[in-house]
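Visitor: Please find one structure pasted underneath; my questions will follow.
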Amino acid sequence: MAARDSKAAESTPGYFRARVAGVEQISPSLIRVHFDGPGLAGFPSTGVPDESIRLYFPRDGEVEPPPMTVRDGVLGHHDDDDARECRTYTVRHWQQERLSIDFVTHGDGVASLWAAAARVGDMLGIWGVRSWYAPPADTAWQLLVADLPGLPALMRALERLEEGERAHAIVEVAHADDRVDVVTKGDVTIDWRVAGNGRASSELADAVRAYALPDGPGYAWFAGEAAAGREIRKHLRNTCAMPVGRMSIIGYWRADKEQWLERYAPLEDRLLVEYDELVSSGVDETAAEIHWDEMLERAGL
Ligand SMILES: Cc1cc2nc3c(=O)[nH]c(=O)nc-3n(C[C@H](O)[C@H](O)[C@H](O)COP(=O)(O)OP(=O)(O)OC[C@H]3O[C@@H](n4cnc5c(N)ncnc54)[C@H](O)[C@@H]3O)c2cc1C
């Protein structure tokens, strides 16, 4: 990569360049990659447990992805002929200019394959920090539900609980040895399941249905496969009458994504028009995201 490009990347607001500083296999399905380098200076970590970033990977023949640049006020890879794909990952740790990410190795997929082959010195591009986890101030208990891709964020949520704060976690892993040690001051129970994760049917929705919500104002957070998230949201809203402001249900990945995208493609334009109309009418982000999922469900997606 030309020095001119590196300089441009470092000076493009919102775009960061990360150099692999170390790679650890932390469980059968999880690889932790540590990043550092001057291109991470000023990374705007929010400290919110599920803060996520978009990762850009080098294409064949590239040492690192080219920097995003601003054109007409829009940050992008403007010189690419094909849209450059990115993948969303959670910031597992951000400390002293060093960033760590836990990658699930699930087989095919640009991100999973990249992580499995990552070596010290490899480069990634990073853009955009976003998060959802936001228990209201009066929260008396939390229900945290995740499969493997959601585990890094769930661990961060548990780690920051204070003494007396209550949480029940339901976590689905691919192997018994994917169960990680939990460090927390909180009052925490964990229901580990070896299921789901593209290897077996998910037990998450059944586990949530079987869990009796405690009394008092609670907060539910889900990060995992989108279909499981939809079932859990419906249960919490319809059966438990949980207000939408007390839950964050985020689909992190889709089983059989390729087939889903084939079914989605012919419907995309119509769905986006409907969604844009909704957003222009002023509904808030949470309501819009729920509505989007309901639109997908009505469309058979
Ligand atoms: C906010 C957010 C935070 C996330 N944080 C993390 C994180 O910290 N760690 C992490 O590993 N993932 C995380 N994910 C999920 C990750 O973005 C997806 O799993 C992504 O699809 C992986 O990209 P890929 O290139 O490896 O596979 P893709 O090219 O997207 O998919 C290839 C194939 O693999 C399947 N697939 C994708 N992901 C999985 C999986 N996890 N298990 C089984 N099959 C899968 C797809 O259905 C498809 O058939 C997060 C997602 C979001 C939205």
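The values are calculated or read from the model by the stated rules, or taken from the named source; none is laboratory data. Note that the coordinates shown come from a computational prediction; the quantities given were computed from them, not determined experimentally. We place every Cβ from the backbone using ideal geometry, glycine too, and count neighbours over all the protein chains shown. For the accessible areas, the whole protein counts, side chains as well, though only heavy atoms, and no ligand, DNA or RNA atoms are used. Shrake-Rupley method; radii C 1.70, N 1.55, O 1.52, S 1.80 Å.
Visitor: If you average 1/r across every pair of different Cα atoms in the stretch 3-130 and take the reciprocal, what Kirkwood value do you get, in Å?
Guide: 14.9
Visitor: A follow-up question, please. Note down the accessible area of residue 252, probe 1.4 Å, to the nearest 10 Å².
Guide: Surface open to solvent at residue 252 totals about 60 Å².
Visitor: 222 nm [θ] for the chain, helices only, -39500 (n - 2.57) per DSSP H run of 4+, per residue, to 500?
Guide: Counting only the DSSP helices, I get -7500 deg cm²/dmol.
Visitor: How large, in percent, is the carbon and sulfur part of the accessible surface of the chain at a probe radius of 1.4 Å?
Guide: Result for the chain: 48 percent of the exposed heavy-atom area is carbon or sulfur.
Visitor: For the stretch 141-255, just say rounded, prolate or oblate: build the C-alpha gyration tensor, square-root its eigenvalues into a ≥ b ≥ c, call rounded for a/c under 1.5, and beyond that prolate if a/b exceeds b/c, oblate if not.
Guide: It is oblate, given that a/c is not under 1.5 and a/b is not larger than b/c.
Visitor: If packing is taken as the mean number of other Cβ atoms within 10 Å per residue, what is the order of 158-165, 94-101, highest first?
Guide: 94-101, 158-165
Visitor: If the only charges are +1 at each Lys and Arg Cβ and -1 at each Asp and Glu Cβ, what is the size of the charge dipole of the chain around the Cα centre, to the nearest 20 debye?
Guide: 420
Visitor: From the C-alpha coordinates alone, can you work out the Kirkwood hydrodynamic radius of the stretch 256-301, in Å?
Guide: 11.1
Visitor: Starting with the highest mean, order 47-54, 179-186, 18-25, 262-269 by the number of other Cβ atoms within 10 Å, averaged over the residues of each peptide.
Guide: With the highest mean Cβ count within 10 Å placed first, the list reads 47-54, 18-25, 179-186, 262-269.
Visitor: Per residue, how much accessible area does the chain show when a 1.4 Å probe rolls over the protein heavy atoms, in square angstrom?
Guide: Ligands and nucleic acids excluded, the figure is 50 Å² per residue.
Visitor: Further question: Principal axis extents for the chain, Cα atoms only, whole Å, descending order, please.
Guide: Principal axes ranked by extent give 59, 45, 37 Å for the Cα atoms.
Visitor: For the stretch 224-301, report the translational diffusion coefficient in µm²/s to the nearest whole number, using Stokes-Einstein at 25 °C, 0.890 mPa s, and a Kirkwood Rh over Cα pairs.
Guide: Roughly 182 µm²/s, to the nearest whole number.
Visitor: Let me ask you something else. Between residue 138 and residue 60, what length in nm is gained on full extension when 0.36 nm per residue of separation is reduced by their alpha carbon distance?
Guide: 23.0 nm
Visitor: Still on this model: Using only alpha carbon pairs under 8 Å that are at least six residues apart, calculate the relative contact order of the chain and give it in whole percent.
Guide: Worked out over the chain, it gives 16 percent.
Visitor: Okay, next question. Sort 26-38, 64-76, 139-151, 280-292 by packing, meaning the average of other beta carbons within 10 Å per residue, with the highest value first.
Guide: Put in order of decreasing packing, that is 139-151, 26-38, 64-76, 280-292.
Visitor: Considering only protein heavy atoms, what is the solvent-accessible area of residue 108 at a probe of 1.4 Å, reported in Å² to the nearest 10?
Guide: Only protein atoms counted, so the area is about 130 Å².
Visitor: In the stretch 141-255, with Lys and Arg counted as +1 and Asp and Glu as -1 at Cβ, which of these residues, 214, 152, 251, has the Cα nearest the positive end of the dipole, that is, farthest along it?
Guide: Looking along the dipole axis, the top candidate is 251.
Visitor: Shifting gears a bit: With axes computed from alpha carbons, what is the tilt in degrees of helix 285-298 against the longest principal axis of the chain, rounded to the nearest 10 within 0 to 90?
Guide: 80
Visitor: With both partners inside the chain, how many of the DSSP beta bridges are antiparallel, as a percent to the nearest 5?
Guide: About 55 percent, rounded to the nearest 5.
Visitor: Label residue 210 and residue 189 with points 7 Å out from Cα along Cα→Cβ: what is the distance between them in nm?
Guide: With each label point 7 Å from Cα toward Cβ, the separation is 1.3 nm.
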